[in-house]
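Down below is the structure, laid out as structure tokens.
The values are calculated or read from the model by the stated rules, or taken from the named source; none is laboratory data. Just so we're clear, the structure is a prediction, and the values are computed from it rather than from any experiment. Heads up, the Cβs are rebuilt from the backbone with ideal geometry, glycines too, and the neighbour counts pull from every protein chain shown.
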Amino acid sequence: MSLHTLMFGWEYPPRHSGGLGIACQGLVRGLLKHGVQVTLVLPNAHEGSDDITVICPTEEQKLLSRLSIRSKLQPYDTFADYSTRAKTEIISLPRDAQELYGENLGEAVEQFAQLSVEITTNVNPDVVHCHDWMTFEAGIRTSRQKRKPLVAHIHATELDRTDFHPNEWIAARERGGLLAADRVIAVSGYTKNMLMRHYGIPGDKIAVIHNGHDREHFPVQSVLRNPFTQGKNPLILFLGRLTVQKNPWQFLEMAKRVHDLRPDVRFVMAGDGPMLGTLIDRACELHLQDCVIFTGKAGREEVRSLFAAASCFVMPSLSEPFGLVALEAIEHGTPVILSKQSGAAEVIQHAFTVDAWDAEKMADCVLTILREEPLAQQLRSEAPHVLRRLTWQNQAGNVRSIYQNLITS
């Protein structure tokens with residue numbers, strides 16, 4: 001049976017800020033392999049790719065136009081971060097875009113929902129699928145108009161982003177969208193439990209489908225010429241946005257403990273974000289300025305180089321719904337230390353897991369990997385086995401099954 005999904009997202013490669021865009025692309029490609037027709041609605045104009053139909057609500061009725069019009073609905077880390085970014089970029093927006101999207105996130109979400117309904121009038125899907133809270137209202141209105149089942153796919157909650165100090169307006173809309181959906185997809189059991197505990201979503205309404213990862217083809221042992229990865233000193237890697245959620249502060253606390261016992265070890269913090277200045281100051285306070293390197297945002301080639309050179313990768317997130325970066329690490333044969341408060345810890349069996357707040361235990365794990373080479377080698381060789389089954393095609397097959405069940409029930 002041929003299926004057609006009308007999908008609402010708010011980032012998609014090459015324009016994306018984090019894991020959601022990568023996950024959305026992986027899922028779309030996987031669905032296509034299962035013969036599912038995908039119509040993807042985005043808040044910004046994207047070049048068509050992956051043989052999908054891309055619709056941009058800022059283009060009015062020009063469904064396949066490639067006109068690039070920037071909108072105010074964009075990836076963000078916290079509500080405050082969105083507000084600041086929107087205000088600084090409003091000057092560069094064309095006047096028609098300023099009129100289309102308002103001064104705040106609430107207006108942007110409302111306008112996106114309204115326009116999404118208007119421009120999908122001629123789309124006749126079997127199911128409506130929306131990713132994260134900013135697209136929930138668009139999904140709800142469209143599914144009601146078309147009388148089609150609604151799937152709400154949650155990649156990260158407002159609780160994750162804010163260390164459980166949510167913006168109540170956002171949290172209310174997030175919960176409302178989940179309650180309105182016919183089926184909810186959570187990217188981990190960790191996220192499912194959070195939705196049940198904090199939002200009161202019935203457990204039997206939530207399906208856990210972990211994110212997938214499609215292995216890239218490159219020589220794992222090749223290390224590009226990069227000043228951060230040269231030399232014989234062990235290298236411990238942090239890779240991610242420098243935000244409260246990713247817990248880079250605790251990485252520095254761990255680094256201090258390791259450095260006291262192993263002054264030869266070097267630490268790389270790859271990524272950018274609002275905490276950068278604070279973290280640099282903290283590194284100096286801990287007298288780590290000579291062994292901690294802040295690279296800023298790393299490109300794909302730099303990331304590969306860093307993974308290949310790292311003795312281990314540490315993901316200390318306070319609350320990580322999944323953590324695709326951990327799958328990238330094991331693909332490169334890099335031993336990983338994962339926060340127990342993460343979805344990746346559910347699927348990667350050959351890894352150290354620690355509580356996000358336990359810098360002492362993190363340091364012990366790092367030192368163990370550096371000290372016990374046979375164990376480190378076992379982690380390098382065994383951890384990647386999970387990638388054989390955790391492909392996007394397999395995970396998309398599970399999503400297709402949800403579509404099928406909703407349509408026939």
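Restricting the range 377-396 to residues that are among the small types (Gly, Ala, Ser) and buried (at least 17 other Cβ atoms within 10 Å of the Cβ), the residue that is farthest from residue 345 (Cα to Cα) is 396. Count of the range 280-307 residues, restricted to those that are over 22 Å from the mean Cα position of the chain (by Cα) and not basic (Lys, Arg), is 13.
Scanning the range 127-152 for residues that are closer than 21 Å to residue 42 by Cα and part of a loop (DSSP other than H, G, I, E, B) yields a total of 3.
Between 289, 250, the distinction of being within 19 Å of residue 351 (Cα to Cα), assigned by TED's automatic domain parsing to the domain that holds residue 361 and either touching a helix residue (DSSP H, G or I) at 6+ places or on another chain (Cβ under 8 Å) or part of a helix (DSSP H, G or I) (or both) belongs to 250 only.
Only residues that are within 20 Å of residue 395 (Cβ to Cβ) and acidic (Asp, Glu) were counted across the range 132-159, and they come to 1.
Anything in the range 337-368 that is surrounded by fewer than 20 Cβ atoms within 10 Å (Cβ to Cβ), among the polar types (S, T, N, Q) and in contact (Cβ under 8 Å) with a residue 24 or more places away in the chain? List them, or say none. Scanning the range 337-368 gives a single hit, 349. Only residues that are under 21 Å from the mean Cα position of the chain (by Cα) and either β-branched (Val, Ile, Thr) or not assigned by TED's automatic domain parsing to the domain that holds residue 330 (or both) were counted in the range 355-386, giving 1.
Number of residues in the range 153-197 that are outside any strand (DSSP E or B), farther than 25 Å from residue 274 by Cβ and not polar (S, T, N, Q) equals 13. Looking only at the range 211-270, filter to residues that are within 16 Å of residue 325 (Cα to Cα) and charged (D, E, K, R); which one of those is modelled with the lowest pLDDT? Filtering first and then ranking leaves 216. Looking at residue 322, is it over 18 Å from the mean Cα position of the chain (by Cα) and closer than 21 Å to residue 245 by Cβ? Judged against the criteria, residue 322 is not a match.
Take residue 329 and decide whether it is of a type in the set (Gly, Ala, Ser) and under 21 Å from residue 160 (Cα atoms). No: the conditions fail for residue 329. When residue 232 is tested against (1) under 19 Å from residue 286 (Cα atoms); (2) part of a loop (DSSP other than H, G, I, E, B); (3) out of contact with any Phe, Trp or Tyr (no Cβ under 9 Å at 6 or more places or on another chain), just one condition goes unmet, and that condition is (1).
Can you name the condition, by its number, that residue 266 falls short on among (1) in contact (Cβ under 8 Å) with a residue 40 or more places away in the chain; (2) touching a Cys at 6+ places or on another chain (Cβ under 6 Å)? (1) is the only condition that residue 266 fails.
Each row is one residue, and each column tells you yes or no for (1) free of Cβ contacts under 8 Å to residues at least 12 places away in the same chain; (2) not small (Gly, Ala, Ser).
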site: 249; (1), (2): no, yes
site: 271; (1), (2): no, no
site: 289; (1), (2): yes, yes
site: 294; (1), (2): no, yes
site: 320; (1), (2): no, yes
site: 324; (1), (2): no, yes
site: 335; (1), (2): no, yes
